[in-house]
Amino acid sequence: MTDELQLYEVFIRSRRGLDHKHVGSLHADDPQQALEYARDVYTRRSEGVSIWVVASRDITASQESDCESFYDPLDDKPYRHASMYQMPEGVDSL
Amino acid sequence: MNDNVVALPDEHKFQARIDAEEKIEPKDWMPEGYRKNLIRQMSQHAHSEVVGEQPEGNWITRAPSLERKAILLAKVQDEAGHGLYLYSAAETLGATRDEMIEALHEGKAKYASIFNYPSLTWADIGAIGWLVDSAAIVNQVSLQNTSYGPYARAMIRICKEESFHQRQGYHIMMTLMDGSDEQKAMAQDAINRWWWPAMMMFGPHDGESAHSAQSMKWKIKRRSNDDLRQQWVDQAVQQAHAIGLEVPDDDLTWNEERGHYDFGPIDWDEFNRVIAGDGPCNRQRLAHHKKAHDDGAWVREAMSAYDAKRRAKSSAA
Ligand SMILES: [Fe+2]
Ligand SMILES: [Fe+2]
Ligand SMILES: [Fe+2]
């Protein structure tokens, strides 16, 4: 590697029980350093109980322009939603 | 736990966290028993989602209309996804997918005994969605509050998707009960066969449940078997009566004082027999799962061969 720093994405779990959430990114030399930077940059006010850092280049992402082929088929499947099924009057807990 | 064993400081902290309704997350210290118990429960849950595809899958090609077929296909697809969420959540505890599948194939890991009953008619698809999924939902809703973070989050995701499963099943029953005498009889026959196995889904009575006390203390389980069963009975009876179905239990009576239905004794011999491997379809279910796994071996091999080739290429470049 050259002396150019790597880009890392930072994810923080704000509270036990919640998923890690993407909060931003930063530059670092290696994952350990990224973790320390993330602590300094993103958790100065006890924003979290756990941090994940992931090298940005390791993330494979879908493209906005792929939307149609990726998600579109779901729109014509209303039967995946409970609201499609009419339940009789007075029947509870369905 | 044995009171004579002095709890370690770590264990105190761990239990205090649970008592305070905080979640345990994958990298936290946890007692070995907690980890083992969770892996057992979660993998059993995952296996149930996957094996449960079989009785329903049995009717996909024979659904009475294209719409019902698409609906059933979508439901079974969801169940496969639920299996995946749960296997992944169990993997955060260090269990590997291969180990879990192997335990299932060797008969060491269980799955819900209800899936060892056959789906004989189209009405069974209605009864499964309505009764079996609703019983699962009652349990899963309580587990949204389980103490292990990844498990709780998987449950929340699953419960969101379950809402349509129960409704599509009830809708099948409703439609049959609106039909000819033969269709009504078919629906009644389905509830007759599925009612008691669904009652058994909640497991043994509280006094006799092997893992219950410790699991409640660790909040791996949040509500007792009998408690969950009663809630399910109360709602299912009302739903059955609303469309003219009879519940196959002569002892079923509304208990004004308790504000719940009283019900007859459950045949625990049958339950134990099916759990032990002697239900109507146990062998078929396992054999089918093994076959599907073996039949898929060439896909897994092709994927890793492709991956190896790609790696070789990119390291050569
Ligand atoms: Fe299920
Ligand atoms: Fe499910
Ligand atoms: Fe389901």
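For the range A:6-79, relative contact order (Cα pairs under 8 Å, six or more residues apart, normalised by length) works out to 34 percent.
Note: relative contact order over the range B:208-301, using C-alpha pairs below 8 Å and six or more positions apart, is 13 percent. Largest first, the extents of the alpha carbon coordinates of the range B:145-299 on the three principal axes equal 48, 44, 34 Å. Considering only alpha-carbon pairs that sit under 8 angstrom and 6 or more positions apart, the relative contact order computed for chain B is 19 percent.
Three principal axis extents describe the C-alpha atoms of the protein assembly as shown; from largest down they are 80, 59, 43 Å. Remark: B:CYS281, B:CYS159, A:CYS67 ranked as A:CYS67, B:CYS159, B:CYS281, counting other beta-carbon atoms within 10 Å and listing the fewest first. GNM on chain B, alpha-carbon springs under 10 angstrom: the most fluctuating residue among B:TRP196, B:TRP218, B:TRP298 is B:TRP298. Relative to the longest principal axis of the C-alpha atoms of chain A, give the angle of the C-alpha long axis of helix A:31-42, reported between 0 and 90° and rounded to the nearest 10°. Rounded to the nearest ten degrees, it is 70.
Sorted fewest first by neighbouring Cβ atoms within 10 angstrom, B:MET186, B:MET303, B:MET174 come out as B:MET303, B:MET186, B:MET174. For the range A:6-79, compute Rh as the Kirkwood radius over C-alpha pairs and then the Stokes-Einstein diffusion coefficient at 37 °C and 0.692 mPa s; write the answer in µm²/s, rounded to an integer. The calculation lands on 231 µm²/s. Mind checking the range B:1-83 for trypsin sites (Lys or Arg not before Pro) that DSSP puts in a loop (not H, G, I, E or B) and that have at most 12 other Cβ atoms within 10 Å? Answer by residue number: B:LYS27. Assuming charge only on the beta carbon of Lys and Arg (+1) and of Asp and Glu (-1), the dipole of the range A:6-79 about its Cα centre is about 660 debye to the nearest 20.
Remark: the range B:120-231 carries a charge dipole of roughly 740 debye about the Cα centre, counting +1 on each Lys and Arg Cβ and -1 on each Asp and Glu Cβ. Computed over the range B:165-243, the percent of Cα pairs more than 15 Å apart is 65. Counted by neighbouring Cβ atoms within 10 Å, the residues A:SER50, B:SER314 run from fewest to most as B:SER314, A:SER50. In terms of its alpha-carbon gyration tensor, chain B comes out oblate; a/c meets the 1.5 threshold, while b/c is at least as large as a/b.
From largest to smallest, the equivalent ellipsoid semi-axes obtained for the range B:135-193 from the alpha-carbon gyration tensor read 34, 11, 6 Å.
Taken together, the values in this text are just the output of simple stated rules run on the coordinates, not laboratory data. Because the structure is a prediction, the values reported are computed rather than measured. All Cβ positions, glycine included, derive from the backbone under ideal geometry; neighbour counts span all protein chains shown.
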